[in-house]
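The values are calculated or read from the model by the stated rules, or taken from the named source; none is laboratory data. Note that this is a predicted model, so its numbers are computed, not measured. As a convention, Cβ positions derive from the backbone with ideal geometry for all residues, glycine included, and neighbour counts pool all protein chains shown.
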Amino acid sequence: MNRLMTCVAILGLASPIWAQGDLQATNNRLDLAGSVLSEIMAAPDKGIPEEVLEHARCVAVVPHVLKGSLVVGGENGRGVATCRTANGWSAPAFFAITGGDWGLQIGAEGVDLVMIIQNDRGMQRLLSSEFQLGADASAAAGPVGRHASADTDWKLDTEILTYSRASGAFAGLTLMEASIRRDDVSMNAMYGHDVTSGSVLLGEVAAPAAAERFLNAVRSAKAQAVAQGN
């Protein structure tokens, strides 16, 4: 009985420590995602075109998806997303990505992934608990540069445009069959157990102070694209 009581006491003390660690990791991911987006948009002629950002319904960033020669599992392939609302960009929601065909990106160290959700259909996928690129949501490599060519079909039916940055090079990425699901650990650490991804991305939840760097990077991306396009 004494041993059982001791174990319960230890677990009770450890739970707040684990929760605090999860929150710190989530905050770090927000900062890193903001840095990734800012660095990409600061590269002349190599950012996301102004027209794509103008058309964006949501923006999602996954820092360091790959390591070594394998796609990392959901524990490390974690990202953050925000969607447009009537009052600007929403508080961030957290998700994990696993699997997928990465083509030439396999073998790269620390690939950053950016996804531009273009329409309401794509946004609805993001609001769901899990979906698969290519099967549930149409995806294509996004155009890169100061401007997106008007004679391409990048904004017609494709729900999600995908990009990657590896070894300093930024380009559109054809990513298929990757599974995207809600990151329960990060969502619970940031908002508690009763908050859904949908309520966050629809603007029903206030953005935490820790999200400001990431949200500022999203807000500034359009301005950076416009400045480079002139």
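Conditions: (1) part of a loop (DSSP other than H, G, I, E, B); (2) crowded, with 17+ Cβ neighbours inside 10 Å. Residue 188 meets all but one. Number of the miss?
Here residue 188 meets the rest and fails (1).
Scanning the stretch 158-175 for residues that are hydrophobic (A, V, I, L, M, F, W, C) and in a strand (DSSP E or B), which turns out surrounded by the most Cβ atoms within 10 Å (Cβ to Cβ)?
Going through the qualifying residues, I end up with 160.
Of all residues in the stretch 139-157, which are at pLDDT 85 or above and in a loop (DSSP other than H, G, I, E, B)?
Listed by number, the residues that qualify are 142, 143, 144.
Residue 188 passes all but one of (1) at pLDDT below 90; (2) over 21 Å from residue 85 (Cβ atoms); (3) over 14 Å from the mean Cα position of the chain (by Cα); which number fails?
So the condition that residue 188 fails would be (1).
I need the full set of residues from the stretch 126-138 which are modelled with pLDDT of 80 or more and either under 25 Å from residue 43 (Cα atoms) or of a type outside the set (Ser, Thr, Tyr) (or both), in order please.
Correct list: 126, 127, 130, 131, 132, 133, 136, 137.
Search the stretch 54-65 for residues being outside any loop (DSSP other than H, G, I, E, B) and at pLDDT below 90, and hand back the single one that is surrounded by the fewest Cβ atoms within 10 Å (Cβ to Cβ).
Applying the filter and picking the extreme gives 54.
Can you run down the residue pairs with Cβ atoms below 7 Å, 6 or more apart or on separate chains, where the first is in the stretch 122-144 and within 28 Å of residue 50 (Cβ to Cβ) and the partner is of a type in the set (Ser, Thr, Tyr) and in a strand (DSSP E or B)?
So the pair list comes out as 139/162; 141/162; 142/162; 142/163.
Given the conditions (1) modelled with pLDDT of 90 or more; (2) more than 17 Å from residue 37 (Cα to Cα); (3) buried (at least 16 other Cβ atoms within 10 Å of the Cβ), which single one is not true for residue 80?
Here residue 80 clears every test but (2).
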